[in-house]
1. Can you tell which of Gly108, Gly177 is closer than 22 Å to Ala241 by Cβ and without any contact (Cβ under 8 Å) to a residue 40 or more places away in the chain?
2. With the condition kept exactly as written, say whether any residue in the range 119-131 is within 18 Å of Gln84 (Cβ to Cβ) and in a loop (DSSP other than H, G, I, E, B).
3. Those residues that are hydrophobic (A, V, I, L, M, F, W, C), closer than 16 Å to Glu173 by Cβ and not in a strand (DSSP E or B), I need them from the range 326-360; list them, please.
4. If we only count helices (runs of 4 or more DSSP H) wholly inside the range 1-86, which ones have 2 or more residues that are in contact with a His (Cβ under 8 Å, 6 or more places away or on another chain)?
5. Scan the range 307-325 for residues that are more than 23 Å from the chain's Cα centre (by Cα) and in a strand (DSSP E or B) and report the count.
6. Restricted to the range 132-161, and to residues that are part of a loop (DSSP other than H, G, I, E, B) and not charged (D, E, K, R), which residue is most open to solvent (accessible area, probe 1.4 Å)?
7. So, of the residues in the range 97-124 that are open to solvent by less than 30 Å² (accessible area, probe 1.4 Å) and farther than 15 Å from Ile175 by Cβ, which turns out to be modelled with the lowest pLDDT?
8. Being buried (at least 19 other Cβ atoms within 10 Å of the Cβ), modelled with pLDDT of 95 or more and farther than 29 Å from Asn290 by Cβ is true for just one of Cys165, Cys127. Which residue is that?
Amino acid sequence: MSQALSYQQIKTDYKLLDDNCRIVTNDEYSVLLTAQLREALNLPGDRPTMIQQFTDKSYLKSALKNSLIRMPKYLIFAQDQYRQEPVSYLKFVLEELGNHILIKPVIGVGSEKSRRIYTVDDLKAWCESNVDSDSEFEMNEFIIGQVYNTSVVLKNGQPCYFAACKQYRPNDEFISGHQIGNIIVREEEPEFQKLWQFSSDVLESLEHNYPKNGVLNIDLLLPSLSEEAILIKVAARPPEALVSRMFYIYQGLRLNELHLQLQIGDSPDIILKDRNEWKYSASSIHPKQNGVVTEIEKPVLESDVEIYWQIYLGERLEKSQSTRDVAIAIVLSHHNFSTLQEEYQVANSSNFYNTKKDFF
């Protein structure tokens, strides 16, 4: 009731009509809430039934259960079952998923609370720590392969732009203290068409359909170029900020702005830079490490470099718990793809700051 009253007051104060009102977001934490507000206020836009498959991992799997889209085998952590029969439950999980397991919250972003399991002792320790948790977790078989991220721009239900990038490491390694990054996949590369076809197949297979206007972001894994792709997640938002910046440098599209324009009902033109102006791009983010920052080093590279420092000398840091807890963010660009690849490797394998443990 209070939401509706506040909305009516805003409409009155600003002389707004319902047709001119929209609630939109680029923030993954707020995507479902935004849809719920639209429904409560009867505003145009995508509803929770559709959006929930992009925010709830088990709901997404359910929405694709009758499709040909491959996803990792998974189980929802059954807390009561573990309490009653811990030994048999551990045996059951390992038989179903194997010894190498990736555990993630069913609802969550940024690899928060993610954990890799390598042994039965790891699994037992994790279960003991989370048997009384209020969060719901899913246990996934861990599949080795190359992780990719794709973005599909939709306008009036039709794909009008597609972009892809290759990840340096899986996102969950960030909270283990490793740099992660992305580099664009060029249209001429062998996997580009495979990534586009799989992304298109995923959207067409969703039981609850997909937004007709906006940007959808898809994470997937290729065990090898000759094998079928495996879906990791789909998000109803543009890619994270650095990747959006990468594609602006590369081809001239601002995906963050484009998503908002399409969601509010505008019909922006999708215009790429001239091909001879395309500039290859990549990015790297570095996690925070425990301790006091004692040294910061500026990367010296041939590529054009944009650096976003989110730490300072003397600052006391705590280890990153999410991919949002960034110490340093770097965007690289170069007209020569081979040079960019080499320096992308450097950016994701070098430490550009040091910390000293604070014992006080």
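The values are calculated or read from the model by the stated rules, or taken from the named source; none is laboratory data. Only a predicted model underlies this, so the values are computations on that prediction, with no experimental measurement involved. Cβ coordinates were reconstructed from backbone atoms using ideal geometry, including for glycine residues, and neighbour counts include every protein chain displayed. The protein model used for the area step is the full one, side chains on, heavy atoms only, and it has no ligands, DNA or RNA in it. Shrake-Rupley method; radii C 1.70, N 1.55, O 1.52, S 1.80 Å.
1. Exactly one of Gly108, Gly177 is closer than 22 Å to Ala241 by Cβ and without any contact (Cβ under 8 Å) to a residue 40 or more places away in the chain, namely Gly108.
2. Yes, some residue in the range 119-131 is within 18 Å of Gln84 (Cβ to Cβ) and in a loop (DSSP other than H, G, I, E, B).
3. Ala347
4. It comes to 48-51.
5. Final tally of qualifying residues: 2.
6. Filtering first and then ranking leaves Ile144.
7. Here the answer is Val106.
8. Working: Cys127 fails: farther than 29 Å from Asn290 by Cβ.
Only one candidate qualifies: Cys165.
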